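Colleague: Just dropping this structure here.
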Amino acid sequence: MTHKPIRKAVFPVAGLGTRFLPATKAIPKEMLPIVDRPLIQYAVDEAREAGIEQMIFVTGRGKGAIEDHFDIAFELERTMAERGKDLSVLEPTRLGPGNCAYVRQQEPMGLGHAIWCARDIVGDEPFAIFLPDEFMHGSPGCMAQMVAAYNQTGGNLISVLEMPRDKVSSYGVIDPGARHGALTEVRGLVEKPAAKDAPSNLIISGRYILQPEVMRTLENQGKGAGGEIQLTDAMAKMIGQQPFHAVTFDGKRYDCGSKVGYIEANLAIALERGDMADEVRAIAKALIAQ
Ligand code: UTP
């Protein structure tokens, strides 16, 4: 059976980023760089690799830098060209006019509400969601792995990873059913459960493929954990009505919404980069030896 292709991705980037203040007072969290690329760029690259064509950004006040990042920087490019500088470094930032759209979430009422703000552009087709502060590093990328699974199962998919039991209460947690390799059937979902009530130690990790019906569920949904409109609650209502699976990502996830996760990601990527790995390793060793 063939399933409708995943052509569109939603990037909710309207959060306040309070854990990174004061850095995020004037700069969106999603523009913080891992070495020399902003987090949002890694997420868009991962989407493109998975065959996704249209990028939909749900932004808010103070997020203009994201639009500028994916726009043509005419003065910069002309000056660089005149000086004979290599422009290929800007190549990934070019999203043609037909390939990106921006909608505003006027108040940060939660992830579920942010996704719902994109309903008209998503329309009546399955779509992907990326939380750019969860940096998924692997080859093939996390979304490419999920699209491969989707081509077999159809329906809804979320990416999951194992977390120590005492840490699950900050996340959405799945109630797992049958397991086949990286694919686990999802029987239930809870957002931020107390550790003792958590149905497993498998947490939702920032990538989703959802059917458009989720928009109608979100439409009528009240506030959940933390007084926010939760995507997890809307997804939970779709279980039993449509196929719902979790994919365990074969790769590494860095939680760049937290300061320590962000530093870990920068170090890890720097240590993989041919242009700086040796130098950074020497610096890190010297710092630790102090
Ligand atoms: P987070 O829970 O990480 O919140 O949101 P945050 O505001 O970005 O960061 P902190 O916790 O204050 O430091 C998860 C994702 O959902 C988006 C965020 O931009 C992030 O990508 N989001 C969250 C919205 O777009 N709108 C919201 O109302 C809430």
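The values are calculated or read from the model by the stated rules, or taken from the named source; none is laboratory data. In this text the structure is predicted, and so the values were computed from the model without any measurement. Quick reminder, even Gly has a Cβ in these numbers, built from the backbone with ideal geometry, and neighbours come from all protein chains shown. For accessibility, only protein heavy atoms count, side chains too; no ligands or nucleic acids. Shrake-Rupley method; radii C 1.70, N 1.55, O 1.52, S 1.80 Å.
Colleague: Please give the FRET efficiency for ALA26 paired with SER139, using the beta carbon to beta carbon distance and R0 = 35 Å, rounded to the nearest 0.05.
Modeller: With R0 = 35 Å, the Cβ-Cβ based efficiency is 0.55.
Colleague: Can you compute 3J(HN,Hα) from phi for each residue in region 199-214, using the Karplus curve 6.51 cos²θ - 1.76 cosθ + 1.60 with θ = phi - 60°, rounded to whole Hz and x for Gly and Pro?
Modeller: Here the 3J(HN,Hα) series is x, 6, 10, 9, 9, 6, 10, x, 9, 9, 10, 10, 7, x, 4, 4 Hz.
Colleague: What distance in nm lies between label points placed 7 Å from Cα along the C-beta direction at ARG7 and LYS259?
Modeller: With each label placed 7 Å out from Cα toward Cβ, I get 4.5 nm.
Colleague: Quick one: accessible area per residue over the chain, 1.4 Å probe, rounded to a whole number of Å²?
Modeller: With all protein chains present, the chain gives 50 Å² per residue.
Colleague: Another question, if that's okay. Return one number: the angle in degrees, 0 to 90 and rounded to the nearest 10, between the long axis of the Cα atoms of helix 277-289 and the longest principal axis of the Cα atoms of the chain.
Modeller: The helix 277-289 is inclined about 80 degrees to the chain.
Colleague: Counting DSSP beta bridges with both partners in the chain, what percentage is antiparallel, nearest 5?
Modeller: In the chain, approximately 60 percent of DSSP beta bridges are antiparallel ones.
Colleague: Here's a follow-up. Please work out how much length the chain gains when fully extended from GLN152 to ALA195, using 0.36 nm per residue of separation minus the C-alpha to C-alpha distance, in nm with one decimal.
Modeller: Taking 0.36 nm per residue and subtracting the Cα distance, the gain is 12.2 nm.
Colleague: I would also like to ask the following. Multiply the residue separation of ARG216 and ASP86 by 0.36 nm, subtract the distance between their alpha-carbon atoms, and state the gained length in nm to one decimal.
Modeller: 42.1 nm
Colleague: Given just the C-alpha atoms of the chain, how large is their convex hull per residue in cubic angstrom?
Modeller: In the chain, the Cα convex hull volume per residue is 161 Å³.
Colleague: Based on the inverse mean of 1/r over its pairs of different Cα atoms, what is the Kirkwood hydrodynamic radius of region 30-141, in Å?
Modeller: 15.5 Å
Colleague: Given the peptides 269-275, 8-14, arrange them by the average over their residues of other C-beta atoms within 10 Å, most packed first.
Modeller: Highest-to-lowest ranking by the protection proxy: 8-14, 269-275.
Colleague: Something else about it: So who's got an amide H within less than 5 Å of the one on LEU32, skipping anything under 5 residues away but keeping other chains? H placed 1.01 Å off N, in plane.
Modeller: LEU39
Colleague: State whether region 72-124 is rounded, prolate or oblate according to the following rule on the C-alpha gyration tensor (a ≥ b ≥ c being the square roots of its eigenvalues): a/c under 1.5 gives rounded; otherwise a/b larger than b/c gives prolate, and the remaining case gives oblate.
Modeller: The shape class here is prolate.
Colleague: Rounded to the nearest 5, what % of the DSSP beta bridges within region 7-152 are antiparallel ones?
Modeller: 15 percent
Colleague: Looking only at region 31-74, which residues have a backbone nitrogen under 11 Å from a spot 7 Å from the Cα of ILE283 in the C-beta direction?
Modeller: Label zone hits: 35.
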